[in-house]
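The values are calculated or read from the model by the stated rules, or taken from the named source; none is laboratory data. None of these values were measured; they are calculated from a predicted model. Here the Cβ positions follow ideal geometry from the backbone for every residue, glycine too, while neighbour counts run over all protein chains shown. Only protein heavy atoms, including side chains, enter the accessible area calculation; ligands, DNA and RNA are left aside. Shrake-Rupley method; radii C 1.70, N 1.55, O 1.52, S 1.80 Å.
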Amino acid sequence: MNRISGRAWVFGDGINTDDMYPGFAMRLPIEEAARHMFHASRPEWPQLVRPGDIVVAGRNFGLGSSRPVPLLFRELGIAALVAEQFNSLFFRNCINYGLPAATLPSATSLIGEGETVLIDLAEGNLRAGETVHPIAPLPELLRAVLDAGGLFRQLELDGKLRPAKG
């Protein structure tokens, strides 16, 4: 999972978890709740997104409550998130749920909606069009969590947690 390629969807600054995962949708099964992502700001988005797409956002992406938003992104097939700045709790939730996240200053001005993006988490770069931009490479520890499919799955594989039933 070190290299990820997909079509970009660009969002602005200050996108909060309440918009990504509206309160009413929290009572729904994940597969249904995912159809209500960005209900207040971009309600048509879940019907337009395709598996492998990448979400690009501005500063303070994921501020707000600690809702399991990465589960919704994964349900829709989002391959990765790129933001100018993540809320730190949201960033760690992404990793813990197995959703790659990369930080790129000025991401929203460097990447256009619909543009193909190639992210290399190990090397620490992102290609948008013909331009390569440096990103902070994810430490091996966090890449291992992503490769396992998330923190719970990694703990199961390491024998530190009983596998979930079902």
Could you size up the charge dipole of the chain around its Cα centre, putting +1 on the beta carbon of Lys and Arg and -1 on that of Asp and Glu, and report it in debye to the nearest 20?
-> 500
So what is the calculated 222 nm ellipticity per residue for the chain, using -39500 (n - 2.57) for each DSSP H run with n of 4 or more, over all residues, to the nearest 500 deg cm²/dmol?
-> -7000 deg cm²/dmol
The chain: radius of gyration and largest Cα-Cα distance (Dmax), Å = 15.3, 46
Between beta-carbons, use under 15 Å as the cut-off and find the net charge around ILE119, counting Lys and Arg +1, Asp and Glu -1.
-> -2
Work from the charge dipole of the chain (Cβ charges, +1 for Lys and Arg, -1 for Asp and Glu, about the Cα centre) and give the residue of PHE152, ILE119, LEU72 farthest towards its positive end.
-> PHE152
Out of all DSSP beta bridges with both ends in the chain, state the antiparallel percent to the nearest 5.
-> 50
Rounded accessible area per residue of the chain, 1.4 Å, Å² = 50
Could you look at the chain and say what percent of its accessible area is carbon and sulfur, using a 1.4 Å probe and all protein chains?
-> 52
Sorted by average packing, counted as other Cβ atoms within 10 angstrom per residue and highest first, what order do 106-113, 60-67 take?
-> 60-67, 106-113
Alpha carbon centre of region 72-106 versus region 33-52: separation in Å?
-> 16
